[in-house]
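Student: I have a structure here, written as structure tokens, and I will follow up with some questions on it.
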Amino acid sequence: MSLLFTPMRIGDLQINNRFVHSATHECMAGETGLVTDRMIRRYERLAKGEIGLIIPGYLYVHPLGRAAKYQTGIHSDEMIDGLQKLVNTVHQYGGKIVFQLVHSGRQTTKEIIGQTPMAPSKKGRDPMLLVKPREMSEGDIQEIIESFGSAAKRAALAGADGVQLHGAHGYLINQFLSPFFNHRNDAWGGSDENRFLFLKEVILEIRKKIPKGMPILIKLNTQDYTPKKGITPDLAKEYAKRLKSLGINGIEVSCGVLSYSVFNVMRGDVPVKELVLNLPWWKKHLARIMLKRMMGKFDLQEGYNIEAAKMIKPVLGEVPLFVVGGLRRVSHMEEVLEKGYADFISMSRPFIRQPLLVKEIKEGKTEAVSCVSCNKCLAAVANDMPVACYNKNFPVS
């Protein structure tokens, strides 16, 4: 039997195969963050496709940590009923579901949250969102740590099988971890140990709030690709050691910061026309120029996070490692597992196009995914449109 279809444990949680639906912003929640029927239908299709572990799109843990208009929330008890329906739907088909928890930090706008976004440091203006954040106070930091714990408790009450912290792609945890973003000279910055402290305190707070044995996972950047040095594979390896010592139950490796290097996160085509569709007239011209300069520079490289995974896997011991990013051929996925580079295969865009992909692979109906990495799905959510494969039918006038 292919290793892809052998079970494996994540902490106390048994996963039936090695496929993971990597958290993908659905752009399907209600305007107050509530789960909708449309979102439940999406995950019902994915669960029917026999994915071992499903991680829905990032759930914001605090009203000021919201990143997008139709993002799902886990910031109040009002969210629990809808999240429970989502969990029950996935469980109905034998799947497991873990909720990804996030605070956007500086990677949001005043229009979304109603005030100036916060960050570990105020230095720098976001090149894409044009935001200059305010620096978080000690009170802000403690409040957000507590909000992660409260959100994890809601995940447990909704019946989720675990939680995953979003420590990648430029969101708040990534901002604290990265020397590019974190310029503090107090207990929360100034050294690798201090920059790690926020994440450490979040994990310890979550442990207090969830049932014993409930897995805590993290999505971790291995390379920020920021203009000046941020997280590198060597620093990510150091953080992975610290996470193991804290008893983390699994690490998913990724790369890139949305505001500075979005096409390192999702390599492939740069769909200029689609990305600028709903920008204000005064932004469109500059955005076109910037995006056209990127064309051809981020072509898909199959398994583009595997080299970083090879560095981090040896320090993890029995802690499972998930690798995401450009995995397209079944034979390559099997090789990744057989050679011990990773324990789980995470995918996002392929499941947007083929929700039944795992079942098709199991039945021998396909040897490769059909996603062509056109990134029009990325353009859709950037325009507040529901995530879907828009490869041939993006509604551009």
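Student: Of a type in the set (S, T, N, Q), under 26 Å from residue 241 (Cβ atoms) and in a strand (DSSP E or B): is that true of residue 175 in this structure?
Tutor: No, not satisfied.
Student: Specify the residue that is surrounded by the fewest Cβ atoms within 10 Å (Cβ to Cβ); the eligible residues are those in segment 6-30 that are of a type outside the set (S, T, N, Q) and within 13 Å of residue 59 (Cα to Cα).
Tutor: Here is the first cut: in segment 6-30, the residues of a type outside the set (S, T, N, Q) are 7-13, 15, 18-21, 23, 25-30.
Now drop any that are not within 13 Å of residue 59 (Cα to Cα), which leaves 23, 25-30.
Details: 23: 27, 25: 22, 26: 23, 27: 23, 28: 24, 29: 24, 30: 14.
Per the criteria, the residue is 30.
Student: Within segment 345-370, which residues are outside any helix (DSSP H, G or I), closer than 11 Å to residue 327 by Cβ and within 19 Å of the chain's Cα centre (by Cα)?
Tutor: Step one: of segment 345-370, the residues outside any helix (DSSP H, G or I) are 345-348, 354-356, 363-370.
Still in the list and also closer than 11 Å to residue 327 by Cβ: 345-348, 368-369.
345, 346, 347, 348, listed by residue number.
Student: Condition check: touching a residue at least 24 places away in the same chain (Cβ under 8 Å), crowded, with 17+ Cβ neighbours inside 10 Å and within 15 Å of the chain's Cα centre (by Cα). Does residue 224 satisfy that? Give the derivation first.
Tutor: Numbers: touching a residue at least 24 places away in the same chain (Cβ under 8 Å): yes; crowded, with 17+ Cβ neighbours inside 10 Å: yes; within 15 Å of the chain's Cα centre (by Cα): yes.
It is true that residue 224 is touching a residue at least 24 places away in the same chain (Cβ under 8 Å), crowded, with 17+ Cβ neighbours inside 10 Å and within 15 Å of the chain's Cα centre (by Cα).
Student: Six or more apart or on different chains, Cβ atoms under 6 Å: show the pairs whose first residue is in segment 300-323 and on the phi > 0 side of the Ramachandran plot and whose second is small (Gly, Ala, Ser) and part of a loop (DSSP other than H, G, I, E, B).
Tutor: These pairs meet every condition: 303/326.
Residues checked against (1) modelled with pLDDT of 95 or more; (2) over 19 Å from residue 165 (Cα atoms); (3) not aliphatic (A, V, I, L, M):
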site	(1), (2), (3)
24	yes, no, yes
40	yes, yes, no
57	yes, no, yes
67	yes, no, no
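Student: Looking at segment 121-143, can you tell me whether even one residue there is of a type in the set (Val, Ile, Thr), surrounded by fewer than 24 Cβ atoms within 10 Å (Cβ to Cβ) and under 27 Å from residue 83 (Cα atoms)?
Tutor: To start, the set of residues in segment 121-143 that are of a type in the set (Val, Ile, Thr) comprises 131, 141.
Now narrow it down to the ones that are surrounded by fewer than 24 Cβ atoms within 10 Å (Cβ to Cβ): 131, 141.
From the residues that got through so far, the ones that are under 27 Å from residue 83 (Cα atoms) too are 141.
So far as segment 121-143 goes, yes, one or more of its residues are of a type in the set (Val, Ile, Thr), surrounded by fewer than 24 Cβ atoms within 10 Å (Cβ to Cβ) and under 27 Å from residue 83 (Cα atoms).
Student: Please go through (1) over 30 Å from residue 305 (Cβ atoms); (2) modelled with pLDDT under 95; (3) not aliphatic (A, V, I, L, M) for residue 12 and return the number of the only condition it doesn't satisfy.
Tutor: Among (1) over 30 Å from residue 305 (Cβ atoms); (2) modelled with pLDDT under 95; (3) not aliphatic (A, V, I, L, M), the lone unmet condition for residue 12 is (1).
Student: Condition first: of a type in the set (D, E, K, R), surrounded by 16 or more Cβ atoms within 10 Å (Cβ to Cβ) and not in a helix (DSSP H, G or I). Now tell me which residues in segment 271-329 satisfy that.
Tutor: Of everything in segment 271-329, just one residue is of a type in the set (D, E, K, R), surrounded by 16 or more Cβ atoms within 10 Å (Cβ to Cβ) and not in a helix (DSSP H, G or I), namely 328.
Student: With 6, 72 as the choices, which residue is in contact (Cβ under 8 Å) with a residue 12 or more places away in the chain, β-branched (Val, Ile, Thr) and farther than 27 Å from residue 265 by Cβ? Let's see the steps before the verdict.
Tutor: Details: 72 fails: farther than 27 Å from residue 265 by Cβ.
Going through 6, 72 in turn, just one is in contact (Cβ under 8 Å) with a residue 12 or more places away in the chain, β-branched (Val, Ile, Thr) and farther than 27 Å from residue 265 by Cβ: 6.
Student: Follow-up question, since we're still on this one. Only one residue in 124, 105, 159 is assigned to a loop (DSSP other than H, G, I, E, B), of a type outside the set (Ser, Thr, Tyr) and more than 28 Å from residue 208 (Cβ to Cβ). Which one? Spell out the reasoning first.
Tutor: Details: 105 fails: more than 28 Å from residue 208 (Cβ to Cβ); 159 fails: more than 28 Å from residue 208 (Cβ to Cβ).
Criteria check complete, one pass: 124.
Student: Oh, and also: Given 157, 172, which one is hydrophobic (A, V, I, L, M, F, W, C) and under 20 Å from the mean Cα position of the chain (by Cα)? Before you say what the answer is, go through the steps one by one.
Tutor: Numbers: 157 fails: under 20 Å from the mean Cα position of the chain (by Cα).
Being hydrophobic (A, V, I, L, M, F, W, C) and under 20 Å from the mean Cα position of the chain (by Cα) holds for just one of 157, 172, which is 172.
Student: Right, something else. Count, please, the residues in segment 112-150 that happen to be over 21 Å from residue 178 (Cβ atoms) and modelled with pLDDT under 95.
Tutor: Summing the residues that are over 21 Å from residue 178 (Cβ atoms) and modelled with pLDDT under 95 in segment 112-150 gives 0.
Student: What residue, among those in segment 37-86 that are β-branched (Val, Ile, Thr) and crowded, with 22+ Cβ neighbours inside 10 Å, is farthest from the chain's Cα centre (by Cα)? Let's see the steps before the verdict.
Tutor: Taking segment 37-86 and keeping what is β-branched (Val, Ile, Thr), we get 40, 51, 54-55, 61, 72, 74, 80.
Now drop any that are not crowded, with 22+ Cβ neighbours inside 10 Å, which leaves 51, 54-55, 61, 72, 74.
On the way: 51: 17, 54: 12, 55: 9, 61: 14, 72: 13, 74: 15 Å.
Taking the candidates together, the pick is 51.
Student: Same structure again: Quick one: would you say residue 253 is modelled with pLDDT of 95 or more, in a strand (DSSP E or B) and not small (Gly, Ala, Ser)?
Tutor: Details: modelled with pLDDT of 95 or more: yes; in a strand (DSSP E or B): yes; not small (Gly, Ala, Ser): yes.
Answer is yes for this residue.
Student: For residue 195, work out the one condition from (1) free of Cβ contacts under 8 Å to residues at least 24 places away in the same chain; (2) within 21 Å of the chain's Cα centre (by Cα); (3) closer than 23 Å to residue 9 by Cα it doesn't fulfil.
Tutor: Evaluating residue 195 over (1) free of Cβ contacts under 8 Å to residues at least 24 places away in the same chain; (2) within 21 Å of the chain's Cα centre (by Cα); (3) closer than 23 Å to residue 9 by Cα leaves (3) as the failure.
Student: Can I ask one more? Can you tell me which of 186, 161 is surrounded by fewer than 23 Cβ atoms within 10 Å (Cβ to Cβ) and out of contact with any Cys (no Cβ under 6 Å at 6 or more places or on another chain)? Break it down stepwise before answering.
Tutor: Details: 161 fails: surrounded by fewer than 23 Cβ atoms within 10 Å (Cβ to Cβ).
Residue meeting the stated conditions: 186.
Student: Can you pull out the residues in segment 108-120 that are surrounded by 14 or more Cβ atoms within 10 Å (Cβ to Cβ) and not in a loop (DSSP other than H, G, I, E, B)?
Tutor: Those that are surrounded by 14 or more Cβ atoms within 10 Å (Cβ to Cβ) and not in a loop (DSSP other than H, G, I, E, B): 112, 113, 118, 119.
Student: While we're looking at this one, here's another question. Tell me which residues, restricted to segment 196-247, are assigned to a helix (DSSP H, G or I), of a type outside the set (Gly, Ala, Ser) and over 21 Å from residue 103 (Cα atoms). Walk me through it before giving the result.
Tutor: To start, the set of residues in segment 196-247 that are assigned to a helix (DSSP H, G or I) comprises 196-209, 233-245.
Retained after the next criterion (residues that are of a type outside the set (Gly, Ala, Ser)): 196-209, 233-235, 237-239, 241-244.
Matches in segment 196-247: 233, 234, 235, 237, 238, 241, 242, 244.
The values are calculated or read from the model by the stated rules, or taken from the named source; none is laboratory data. Everything quoted here is computed from the prediction, not taken from an experiment. Positions of Cβ are generated from backbone atoms using ideal geometry, with glycine treated the same way; all protein chains shown enter the neighbour counts.
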